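To keep things clear, I will list the structure first and then write my remarks on it.
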There are 2 protein chains.
Amino acid sequence: MGTTGKRPILRDIAARVGVSETAASFALNGRPGISDETRRRVLEVVEEMGWRPSYAARVLSGARSRTIGMVLTRTAATADSDLFFMRLMTGMQSVLRRAQYGLLIQVAETPEEEVEVYRTWQAERRVDGVVLVDLRADDPRPRAVVDLDLPAVLAGGPDPDALVPSVSIDDTAAMTLVLDHVRELGHRRVAYVCGPQDLLHVQRRVEAFDEAVRHHRLQQGSVLGTDFTSRSAAAATRAVLDDPAPPTAIICDNEVLAVSVVATLRALGRSIPGDVAVISCEDTPVCTAMQPALTALHRDTPGFGADVAAHLLGRLDGEAPADSQEQTPELVVRGSTVPAPA
Amino acid sequence: MGTTGKRPILRDIAARVGVSETAASFALNGRPGISDETRRRVLEVVEEMGWRPSYAARVLSGARSRTIGMVLTRTAATADSDLFFMRLMTGMQSVLRRAQYGLLIQVAETPEEEVEVYRTWQAERRVDGVVLVDLRADDPRPRAVVDLDLPAVLAGGPDPDALVPSVSIDDTAAMTLVLDHVRELGHRRVAYVCGPQDLLHVQRRVEAFDEAVRHHRLQQGSVLGTDFTSRSAAAATRAVLDDPAPPTAIICDNEVLAVSVVATLRALGRSIPGDVAVISCEDTPVCTAMQPALTALHRDTPGFGADVAAHLLGRLDGEAPADSQEQTPELVVRGSTVPAPA
DNA sequence: CTGAAAGCGCTTACAG
DNA sequence: CTGAAAGCGCTTACAG
């Protein structure tokens, strides 16, 4: 038993004020033709009776659902991508909240299941738009949302087929930043421990890495694929250190990989950064807590989420689809590449 | 322009089949009084025309919203709690998805703002129930959801006022597990680096720790509060090691604190586990990637989320409110407390 | 400036 | 076994 009696409806408000339901509705929605006095009284009674519009009724009579959907397809889930999602969501919320939008979350197991969720959401008119993440090669999702007429924005693009507008991070520039730092320190043999290459953002980074290696004629530039697990990163590290000319710097796609690489190097008797420098392409609290702290690419993921949400809301308000670009992440140099002055 | 024409409504289905809208509705909702043949034809045409019920229309005519709400209040946000939330959400989804429920997420900045979100959700009939997390001392939320008549379940309880049923982890048993392990290894001086003590689950662990220290007459049992940041954990570690009889084992509330404690110990020239053993009360990929790997309390957070969701759905189906208890986390012993045999 | 009426797309008593 | 009608709680042309 709550303290609330029966929930008031608009009719109750109108009756209490002594006007028609139409008048009350107009007053609330700021439409013309209502005297200031009436408007004031309506708002007063609404406040007094604690009325709030029924969401379903509003949507049924044509209003937007004021909900954005996001599906997380948990293939290769990692702690690191979990962090990324949380930050993305938090950032999106900062914008959505102001616009009175909610965020509907669904977890799927395959891209096909994810597409099915979009189909349902659109058919039910349950969301106004969706945010796509982790695009892969030959991903069915952009085509699907276009066919469904479901407004969408890609968080981390671009979409190679240009079907869905995106908010992108310049992966090439980010990788260049890392390699410039490494080269300036004099390293000529560099390895890159990356994630699964069917992820387009991994692909872009690998291409940028390869390109830089060629351009600067580095002596070594191995790309070591992993499935984002510590185990695979450890195996990759052991393998590459067997090389007669092993790398003196190792770039890691994220923090979990970096922590594993560091541990493996130590187990093999290598010191950091003395023997091998290590860089993480993702900055998390663990990077600063380690000893030495990890040099890392730092990006403002909540800010990224905010931009993604703003972009999508803009589209819903009729803005033309357009790709936008985030600021390049910044490189935070720490002890894993440059020893602290004694 | 999608490939879809106009979205069909139930009337179109009924017309196509040649029955009344009522008949079509009854057929779809498995109500009696419809011939098998009619039912079959309705389902056939629904499939053929790709009809799905309008969410808003259904809710407006009395159906449940089939949505569960969860508000994250980001006071003292840490990477670790982000991981926890993601896993909780993922686990909840595994149950919600099967029940055709969605999860609506909102981020708030204060408990008061969180309560306001509940008020709005309930007034709009936007969710059927909510999941509460991170209860604090004198938390306004249990009272609020009760007053709002909003079904709720507390993830990680119990609620001291018993207003809201909970799914709990036995924090006392978990802490006992850790201390038993540490005592078996012969440690008599133990410190506990914990989170903010206004969090009830932290409070419960601290009490269990204190109790065990008294009961087993340990020589030292310092509780070191932190705000969950690496910085505060480092400071706490330095401080306690200045003690004339410093701890030989340090228990940490989570992985971020543990990583920081390990780094600080190393910086002070202490070896792990030789000089000091370290335990994390939260197991994440970083715990296994470190060298030595961290002994940690491992719990099945997705499973916990699944139980929480099932509990809430049960309440919505009329089950009596009841507290339930999760399995005690298990202790995974690794190199940070016991050196690997050479 | 305001009111009576229809409509959004379902569900569900109530008659037949 | 089936149909006509009312209702959920809003919004919005359309008359006055």
Distance from region B:125-193 to region B:21-80 (C-alpha centre basis), Å: 34
Convex hull per residue volume in Å³, alpha carbons only, for region B:171-298: 93
Quotient of C-alpha Rg and 2.2 N^0.38 Å, computed over chain A: 1.29
Relative contact order for region B:171-298, counting Cα pairs under 8 Å that sit 6 or more residues apart, in percent: 24
Per-pair calculated FRET efficiency, R0 = 41 Å: A:Asp138 and B:Arg7 via Cβ, rounded to 0.05: 0.90
Packing-based exposure ordering (other Cβ within 10 Å, fewest first) of A:Thr38, B:Thr110, B:Thr284: B:Thr110, A:Thr38, B:Thr284
Acute angle (nearest 10 degrees) that the helix B:255-267 long axis makes with the longest principal axis of chain B, alpha-carbon atoms: 20
For B:Ser280, residues with placed amide H under 5 Å, excluding near neighbours: B:Cys252, B:Thr295, B:Ala296, B:Leu297
Dipole-positive endmost among B:His216, A:Leu104, A:Ala277 within the protein assembly as shown (Cβ charges, Cα centre): A:Leu104
Loop-resident sites, region B:84-181, for GluC sites (Glu not before Pro), counting at most 15 other Cβ within 10 Å (DSSP): B:Glu109
GNM flexibility winner over chain B from B:Leu28, B:Leu218, B:Leu313 (Cα, springs under 10 Å): B:Leu28
Dimensionless Rg ratio for region A:108-159, taking C-alpha atoms and the 2.2 N^0.38 Å reference: 1.04
Near-label residues of region A:283-326 by backbone N, under 17 Å of a point 7 Å along Cα→Cβ of A:Glu184: A:295-298
Centroid-to-centroid separation of region B:291-325 and region A:231-272 [C-alpha atoms, Å]: 37
Rg and Dmax [Cα atoms of region B:1-147; Å; Rg one decimal, Dmax integer]: 20.8, 62
Neighbouring partner chain Cβ atoms per residue of A:120-133, average, 10 Å criterion: 3
Rounded FRET efficiency, nearest 0.05, which uses the C-beta distance separating B:Arg217 from B:Asp275 and R0 of 30 Å: 0.85
Region A:179-231 - Rg and Dmax from Cα coordinates, angstrom: 11.6, 32
Computed label-point distance, nm, for sites A:Ala99 and B:Ser35 using a 7 Å Cα→Cβ extension: 5.1
Per principal axis, descending, Cα span of region A:10-53 in whole Å: 24, 18, 15
Value of [θ]222 nm, deg cm²/dmol, for chain A, DSSP H segments ≥ 4, -39500 (n - 2.57) each, nearest 500: -14000 deg cm²/dmol
Fluctuation leader among B:Ser230, B:Ser271, B:Ser35 - chain B, Gaussian network, Cα springs under 10 angstrom: B:Ser35
Cβ-derived FRET efficiency at R0 22 Å, A:Glu109 paired with B:Asp317, nearest 0.05: 0.30
Degrees between helix B:171-184 axis and first principal axis of chain B (Cα, 0 to 90, nearest 10): 30
Proportion of all alpha-carbon pairs of region A:198-255 beyond 16 Å (%): 48
D (Stokes-Einstein, µm²/s), Kirkwood Cα radius, region B:81-168, 1.567 mPa s at 4 °C: 95
Estimated inter-spin distance, A:Thr22 and B:Arg64, nm [label 7 Å along Cα→Cβ]: 4.0
Rh (Kirkwood; distinct C-alpha pairs) - the protein assembly as shown, Å: 27.7
Point-to-point label distance, B:Glu48-A:Ala235, nm (Cα→Cβ direction, 7 Å offset): 5.3
Cα shape, region B:254-318, gyration tensor, a/c 1.5 rule: prolate
Three-way shape label, region B:45-130, alpha-carbon gyration tensor, a/c 1.5: oblate
Copy-to-copy label separations for A:Arg231, where each label sits 7 Å from Cα toward Cβ, in nm and ascending: 3.8
Degrees, to the nearest 10: B:230-241 long Cα axis against longest axis of chain B: 30
Taking N as its residue count, the alpha carbon Rg of region B:26-85 over 2.2 N^0.38 Å: 1.97
Whether region A:289-342 is rounded, prolate or oblate, judged on the alpha carbon gyration tensor where a/c under 1.5 counts as rounded: prolate
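The numbers here are math on the coordinates, done by the rules we state, and not lab data. Since the model is a prediction, treat every value here as computed from it, not as a measurement. With ideal geometry, Cβ positions are generated from the backbone for all residues, glycine too; neighbour counts draw on all protein chains shown.
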